[in-house]
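Readers should treat all values here as calculations from the given coordinates under stated rules, not as data from a laboratory. Please read these numbers as outputs of a predicted model, since none were measured by experiment. Cβ placement follows ideal geometry from the backbone for every residue including glycine, while neighbour counts extend to all protein chains displayed.
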Amino acid sequence: RFSAAHSTIILNNTNISELIENKSYKRIPKIISLNNNENEEILSWKATHDGYMDNFKRIIKRKLIISKKHQAINGEDSIICHKLNSKKALYNIRFHLTPICTCLLTNNQKSVLIKTKLNQSWIFSSENKLTLEESIYINNGRRVERTKQIVISGYASLPKTIEKWSISKIKT
């Protein structure tokens, strides 16, 4: 919606980068870090960027833990405030689905059931309420297709706001 990324954190409906007319960037993150770790059971990635530091005095961190034994990913997104008494910031964490998926929000609004065209079933879960919103998928850079996105929303007003989520295959 405000980013071309398939899974991203947006603060106050502002993207972390902005192109200007001569096709150069007006605003981009200055510091981006990525650390990874692997053992027999998991792959772990931790990424951080300062793309919201100038506008909102916030650092964004994402931690992904991918299970090698189970078809599952656990995620943790953190919004870290670097200035006391900063204004609260609206955040949206968006997970765009491809058009080959259908989805259904569960009654408690903390899970989304996802089914692929190959009849695989997955469940996306969050500790907080989720919404489903319209999205688009651009196939081969030419054809626009309608799809959905899973959205976690809230306000970052604490020194550190953490959203935990997961996606796992449902055994059939």
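Couple of notes before you dig in:
- 222 nm mean residue ellipticity, helices alone, for the chain (DSSP H n ≥ 4; -39,500 (n - 2.57); rounded to 500): -500 deg cm²/dmol
- Applied to the stretch 109-117, the Karplus parametrisation 6.51 cos²θ - 1.76 cosθ + 1.60 on θ = phi - 60° returns per-residue 3J(HN,Hα) values of 6, 10, 9, 10, 8, 10, 10, 8, 5 Hz, with x for Gly and Pro.
- Among the listed pairs K57/K129; K30/K83; K68/K110; K30/K169; K46/K129; K87/K169, those beyond 29 Å (Cα-Cα): K30/K169; K87/K169
- Rel. contact order, % - alpha carbon contacts under 8 angstrom, at least six apart, the stretch 81-146: 22 percent
- Relative contact order of the stretch 30-72, pairs being alpha-carbon contacts under 8 Å that are 6 or more residues apart, as %: 36 percent
- Of the residues Q120, H96, L64, the one whose Cα sits farthest toward the positive end of the charge dipole of the chain, with +1 on the Cβ of Lys and Arg and -1 on the Cβ of Asp and Glu, is H96.
- Per DSSP, loop GluC sites (Glu not before Pro) in the stretch 29-103 with at most 13 further Cβ within 10 Å: E40, E41
- The stretch 124-165: GluC sites (Glu not before Pro) falling in loop per DSSP and having at most 14 other Cβ within 10 Å: E127
- Highest average packing first - 114-122, 154-162, Cβ atoms within 10 Å: 154-162, 114-122
- Pair E40, K88: separation of 7 Å Cα→Cβ label points (nm): 4.7 nm
- Distant-in-sequence amide H partners of Q71 (H built 1.01 Å from N, under 5 Å): K169
- Additional length obtainable on full extension of the chain from D54 to E145, 0.36 nm per residue less Cα span: 29.3 nm
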